[in-house]
There are 4 protein chains.
Amino acid sequence: MTDFHFSTPLGRSRARAFGISFDGEPGTFNAITDVPGVGVGYTTLISGDGPLEVGRGPVRTGVTAILPRPLSTIADPCYAGFFSGNGNGELTGIHLIEEVGVFSLPITITNTHSLGVARDATLKWVAANRPEALASAWGLPVAGETYDGFLNDINGHHLTEAHVFAALDGATSGPIEEGSVGGGTGMSTFDFKAGSGTASRRVAWAGKTFTLGVFVQSNFGERRNLMIRGRRVGAELAAPQITQTTPRAEKSSIIAVIATDAPLLPHQLKRLARRVPFGIAWTGGLGYNSSGDIFLAFSTANSQAAAGRAGQLASLVAIPDGDIDPFFEATVQAVEEAILNALVANADMTGRDGNFVPALPHDWLAATFGRAG
Amino acid sequence: MTDFHFSTPLGRSRARAFGISFDGEPGTFNAITDVPGVGVGYTTLISGDGPLEVGRGPVRTGVTAILPRPLSTIADPCYAGFFSGNGNGELTGIHLIEEVGVFSLPITITNTHSLGVARDATLKWVAANRPEALASAWGLPVAGETYDGFLNDINGHHLTEAHVFAALDGATSGPIEEGSVGGGTGMSTFDFKAGSGTASRRVAWAGKTFTLGVFVQSNFGERRNLMIRGRRVGAELAAPQITQTTPRAEKSSIIAVIATDAPLLPHQLKRLARRVPFGIAWTGGLGYNSSGDIFLAFSTANSQAAAGRAGQLASLVAIPDGDIDPFFEATVQAVEEAILNALVANADMTGRDGNFVPALPHDWLAATFGRAG
Amino acid sequence: MTDFHFSTPLGRSRARAFGISFDGEPGTFNAITDVPGVGVGYTTLISGDGPLEVGRGPVRTGVTAILPRPLSTIADPCYAGFFSGNGNGELTGIHLIEEVGVFSLPITITNTHSLGVARDATLKWVAANRPEALASAWGLPVAGETYDGFLNDINGHHLTEAHVFAALDGATSGPIEEGSVGGGTGMSTFDFKAGSGTASRRVAWAGKTFTLGVFVQSNFGERRNLMIRGRRVGAELAAPQITQTTPRAEKSSIIAVIATDAPLLPHQLKRLARRVPFGIAWTGGLGYNSSGDIFLAFSTANSQAAAGRAGQLASLVAIPDGDIDPFFEATVQAVEEAILNALVANADMTGRDGNFVPALPHDWLAATFGRAG
Amino acid sequence: MTDFHFSTPLGRSRARAFGISFDGEPGTFNAITDVPGVGVGYTTLISGDGPLEVGRGPVRTGVTAILPRPLSTIADPCYAGFFSGNGNGELTGIHLIEEVGVFSLPITITNTHSLGVARDATLKWVAANRPEALASAWGLPVAGETYDGFLNDINGHHLTEAHVFAALDGATSGPIEEGSVGGGTGMSTFDFKAGSGTASRRVAWAGKTFTLGVFVQSNFGERRNLMIRGRRVGAELAAPQITQTTPRAEKSSIIAVIATDAPLLPHQLKRLARRVPFGIAWTGGLGYNSSGDIFLAFSTANSQAAAGRAGQLASLVAIPDGDIDPFFEATVQAVEEAILNALVANADMTGRDGNFVPALPHDWLAATFGRAG
């Protein structure tokens, strides 16, 4: 089972496979899906090669669905908080989160120009699968994005609602794939191929063990800044045999989703979201101007209280703020590892107009950090 | 020309037609389109009657497009600020506005479950009409919503991208229609039929005259609270011959867009947005829990500075904060009048399942406030 | 007992004494002290006449102490939220409130330039009276201010820590004085003498009755805008016999403190604070540039949870957000009445340099609104 | 001159003296005072030994004054922005900064329980030295704090207004002392003696060179987390011969002040402030619950525009947001170095009740990083 700490379901190596050590203790799958009830599904769209023809391709995109709860309770609100570290991006649903500290329904993450279809399709999917949830009420789904236009025909709007339904339908618990899958398909980080990444931490508190999982759609950073466990490796990775990357100007963004089964209140979940930049900093990121760095944290606990019932006092439990530091640490640790997983569990990709993004070289990783097992 | 202060282009009476007096001096059209360069377009969808069949109808919805600049400069950013008075709703694009104080591209407002199509279609429309704007960059359009599911088959998702293109293509300056048009088609306020409303004010400052215009998609409030120019008329309007309104639970929301040609900085535009609740208060609203009360203010001035040019200092001008009070007053006044215009320039509507929303009775208005001219 | 709805302990008429009717049902004292355990104390400093001599006077200032809990539990945190409607002022303690939704220790309100002494003296008073609270921890007291320099020698810094101790020691429950007392001594509103005001509302919910009380230090507005229960009376009150007010430029601010025994979470208390502008709007205020309009709401419930205990899950109860509207209404109603009480329970005042601020004329009030009883 | 990169005016070694290399190019003094017009002054209070007697001592505290402009223009507002990374602390003046993006008058930083005297004394000092600034207006000074109660008799309130005046009077440009001076006197970081630290960076842009300087009052972190240029040295520093530190529970906070002569608008300065956590992350901090991590950034440019003149358009210049990344990098780099300087330029300290905090051992630094020159 712990193989999943070293490789993805499809057998891609994860960061730990190269002997990179991290702080803290991961969960079974070292994934956001270690949080009970949380599911992840992907639709990955890769087709075509050569020059960009808007509407024809090449296509390098997709959509990721994160179900905060099983379908049977998907309309039950979760307590949540968010933080925009650098707001050059989009994450919907946040006005309600800021106001009353909740969201419900699945989260989707895709490319910048397809966020709308992902959002609305989520409502259609809920109406089809849980019709009572939207019979006489509205939904305000959380949908996020990062930009894949360097590799993908983003203005071709290739993502359809059928693709979104497929990701939602396919959401599962257990180990999940990483790298160029789902919404992360066309994404890069530190000018290496990146995309979807995840990690989790167990947090012991007062005789109990909670789980905190992180999922990132990672698409930020300049190569010269890359840092791995304190080693500023960006400069050495700029060597010619590595930097055949097609030059590019834009360098954005990162969406991070933090899930936990620990009972945390909305203001506490916002505090978790505000810890994401510390994890990004450990990889060398610092939130460049063009980056959309937006972070969401939610708790699966207290579901009855978050929903509320008219005329009844809601009863909640919460970790005291004075005891929250281990959850902060888990967040920072899991963000760092999730970003590196998105970089490691990957391969070179050529996209529209021949634009090329290399993977973080595995031989360099092995030479530099060794190899586990 | 000043006829437009009293009636809409289609001849519907506006609030001033009933002798209701307001503070301040309106612009030529008493509309957001008094701000030079600002255009408004609507697509209105009304079809079917009888019981709700999801996907069939009845349909009572639409979309409103607000172009902050003419098409030729639609990709030039505007300085902007926003405020969420009560965040039970959605307005996209706000992370960027909060971060760098700008947005670009048209604004759309529609029903809650069609916001995504309005947002993405805006990107397609820009790519088609101003392809250079999105050739190697992303767009983060502003799209807002209120809920029309009491009258409309909202889960039928009847709004298509063609409808959005039509509203964008049809955006014009000059006098604009109000009431049950565009995104406001299926909306109510104080349990009377409402929807789209607008008003403007001239603001004299230092020998110059600026214009500030407000557009609302108004869909909030309980009848008992309705206040018109200080008169608490909600109680008397609850009389049986008026209150044949179908009972309903939900009571939301209001999107307000403030445009001005006055040179105001992002933080100043946020200040304008924060004055919207004062105008709402004058009509009897107070931001109920279920309301999505989200407000955007933008300035058409300083376009070169807001866009910025690499390697060049941006040069801006700004009204001093010490002189901003007349702009605050204009905002409050225009918000109050725009809401009342949305209520007055309207007619009864029956929607899905026979749900009925009466118009604010014109005979009562005439008896209570008189009639102008 | 209900006499206190009509007059203050010292016999000053309150707004209801003039037949002004308000929405909602007030508590026994129609004061923030109707919330069990909340105490208010004042130190009022009035001395000297004639030209300003900095450090000599004339003195027209003071300090108000609001104890959120009895002394025996004064160090127990209260859940709280705040909103800065217009931030041209100071309220300390808000970083912690924003972060973890709590504050503890007494609140003080004074003039702008003496806020520091009020804040630090509060810590000394706590250290003297509840030494265990600060033996190995810090305190971050809430201290607020408005500007009284039109009447008071504000740069003379006449408020001492002894004055602050006296207000803290004198805090009591029961009916409390209003008008030119405590921190409100030198304050004006709509260019009439104002200062301290209070009101409360009973809120029935699910078979229980909660109390919500408001205290304002009111010091804002231009006379022409004054509105009383929808009547725009500002213009008529500008008549010469009334407007002998010494002309002045500055026009600021209002601090509002909302207390309730209803179990509300931090995000819900922030929502209450965001409703204060609606009550201000009903009196004709709109948050001018120079105004420091900062609002705090706190709940005395859930004291054990807000404090937290290491290693123990906190257990809380909360009103569902879906049921919060009556608390919003109570807030708006009590803010409106508290401001008018500050104006009505007052008398003319002449301060430094002969600067004169008239009271809202009681004969005009009687002629306009009648007189109760 | 470049000696000041290696040692303080009193000859204490700075981080660079131990061969620790940093990114970016520092200014002449590698201090916030490299920004033209910015001055720093300290009052340091060290007296007494042995058991704590509240009011008697031992005293280990002080106050730091940062003048954003020379005295002659000290009342001219500066554009500013702030960010509360973790709000378990106090920084006054921020409501105005949030509202209109300015502050004026000197900044003071001291211990938690003396913030009030520092704030009010600043007003007295301005009234005495620039009486026109407060003759008919109010001041809202920025005052910050961190907690020194582990070493200092904090409830003895030993800081007087005379001490604050002395720091203000003594503010100078040029090289400034670091470590246990001023407000930093009783502070610790990663359980080593810390306090005041500073650093600066030159930022080349479009043929010009701007300066960005950082000042920290550093008082945060757990030893096990200490990281120096990527080396996680916390564990090795926990060795017995080093960890004779008296055990303690509390672990807070950090105030950071960023100054620049680059023309940046309020929203851009807020963006700088939001980059401080990245610099903290590089030293191993992550914003523990008990930490008050509050950051202020200001620009000395555009002074006429920030002040504003009634009836005149303000004219400003600004770096485009698209060019802001080098300023982000400079901020992160200078924050990292300022914190390490506060740790390095220090010595062991014993305070109240014999509580002992060791300095970061210089022999360990030399053995680990070498020694410059």
Legend entry - Looking only at the range B:144-169, and only at residues there that are of a type in the set (S, T, N, Q) and more than 8 Å from chain A (Cβ to nearest Cβ), the one that is nearest to residue B:47 (Cα to Cα): B:152
Inset, instruction - Go through the residues of the range A:182-205 one by one and say whether even a single one is of a type in the set (A, V, I, L, M, F, W, C), open to solvent by 10 Å² or more (accessible area, probe 1.4 Å) and assigned to a strand (DSSP E or B). - result: yes
Legend entry - Sole exception among (1) open to solvent by less than 10 Å² (accessible area, probe 1.4 Å); (2) in contact with a His (Cβ under 8 Å, 6 or more places away or on another chain) for residue A:109, by number: (2)
Inset, instruction - Looking at (1) closer than 18 Å to residue C:183 by Cα; (2) not in a strand (DSSP E or B), find the lone condition where residue C:61 falls short. - result: (2)
Legend entry - Qualifying positions in the range B:126-159 - touching a residue at least 60 places away in the same chain (Cβ under 8 Å) and hydrophobic (A, V, I, L, M, F, W, C): B:142, B:150, B:151, B:154, B:159
Legend entry - Residue that is least open to solvent (accessible area, probe 1.4 Å) [pool: residues in the range D:119-143 that are facing another protein chain (nearest Cβ under 10 Å) and out of contact with any helix residue (DSSP H, G or I) (no Cβ under 7 Å at 6 or more places or on another chain)]: D:137
Legend entry - Sole exception among (1) of a type in the set (Ser, Thr, Tyr); (2) out of contact with any Ser or Thr (no Cβ under 6 Å at 6 or more places or on another chain); (3) open to solvent by less than 10 Å² (accessible area, probe 1.4 Å); (4) within 9 Å of chain B (Cβ to nearest Cβ) for residue A:84, by number: (3)
Inset, instruction - Please work out which one of (1) under 19 Å from residue C:14 (Cα atoms); (2) open to solvent by 20 Å² or more (accessible area, probe 1.4 Å) is the condition residue C:335 fails and give its number. - result: (2)
Inset, instruction - Report yes if residue C:319 is more than 17 Å from residue C:200 (Cα to Cα), of a type in the set (Val, Ile, Thr) and more than 15 Å from the chain's Cα centre (by Cα), otherwise no. - result: yes
Legend entry - Which numbered condition residue B:123 fails, given (1) touching a residue at least 24 places away in the same chain (Cβ under 8 Å); (2) within 21 Å of residue A:88 (Cα to Cα): (1)
Inset, instruction - For the range C:33-55, enumerate the residues that are in contact (Cβ under 8 Å) with a residue 60 or more places away in the chain, outside any loop (DSSP other than H, G, I, E, B) and under 30 Å from residue C:356 (Cβ atoms). - result: C:40, C:41, C:42, C:43, C:44, C:45, C:46, C:53
Legend entry - Candidates B:98, B:90, B:53 - the one that is surrounded by fewer than 23 Cβ atoms within 10 Å (Cβ to Cβ), modelled with pLDDT of 95 or more and at the interface with another protein chain (Cβ under 10 Å from one of its Cβ atoms): B:98
Inset, instruction - Considering every residue within the range D:310-317, establish whether at least one is in contact (Cβ under 8 Å) with a residue 12 or more places away in the chain and either closer than 18 Å to residue A:287 by Cα or of a type outside the set (A, V, I, L, M, F, W, C) (or both). - result: no
Inset, instruction - May I ask you to list pairs of residues, at least six apart or on different chains, whose Cβ atoms are under 7 Å apart, with the first in the range D:267-295 being free of Cβ contacts under 8 Å to residues at least 60 places away in the same chain and the second being surrounded by 24 or more Cβ atoms within 10 Å (Cβ to Cβ) and among the charged types (D, E, K, R)? - result: D:282/D:336
Inset, instruction - Select from the range B:290-309 the residues that are of a type outside the set (D, E, K, R), at pLDDT below 95 and surrounded by fewer than 24 Cβ atoms within 10 Å (Cβ to Cβ) and list them in ascending order. - result: B:290, B:303, B:304, B:307, B:308
Inset, instruction - Among the residues of the range C:73-110, write down those that are without any contact (Cβ under 8 Å) to a residue 40 or more places away in the chain and over 18 Å from residue D:99 (Cβ atoms). - result: C:99, C:104, C:105
Legend entry - Filter result for residue C:216 (out of contact with any Lys or Arg (no Cβ under 9 Å at 6 or more places or on another chain) and at pLDDT 95 or above): yes
Inset, instruction - At least 1 residues that are among the small types (Gly, Ala, Ser) and within 12 Å of another protein chain (Cβ to nearest Cβ) in each: list the strands (runs of 3 or more DSSP E) lying fully within the range A:226-344 that qualify. - result: A:292-299, A:314-318
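For (1) open to solvent by 50 Å² or more (accessible area, probe 1.4 Å); (2) among the basic types (Lys, Arg); (3) within 30 Å of residue D:367 (Cβ to Cβ), each residue gets a yes or a no:
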| position | (1), (2), (3) |
| --- | --- |
| D:7 | no, no, yes |
| D:18 | no, no, yes |
| D:44 | yes, no, no |
| D:59 | no, no, no |
| D:79 | no, no, no |
Legend entry - Odd one out for residue B:205, checked against (1) more than 12 Å from every other protein chain (Cβ to nearest Cβ); (2) under 30 Å from residue D:313 (Cα atoms): (1)
Inset, instruction - Name the one entry in A:64, A:28, A:43 that is touching a helix residue (DSSP H, G or I) at 6+ places or on another chain (Cβ under 7 Å), modelled with pLDDT of 95 or more and farther than 26 Å from residue A:220 by Cβ. - result: A:28
Inset, instruction - Please give the number of the condition residue B:331 fails out of (1) modelled with pLDDT of 95 or more; (2) touching a Phe, Trp or Tyr at 6+ places or on another chain (Cβ under 6 Å). - result: (2)
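The values are calculated or read from the model by the stated rules, or taken from the named source; none is laboratory data. Note that the structure is predicted; figures quoted are calculated from it, not measured. Positions of Cβ are generated from backbone atoms using ideal geometry, with glycine treated the same way; all protein chains shown enter the neighbour counts. Ligands, DNA and RNA are stripped out before the accessible areas are found, and what is left, the full protein with its side chains, is counted by its heavy atoms. Shrake-Rupley method; radii C 1.70, N 1.55, O 1.52, S 1.80 Å.
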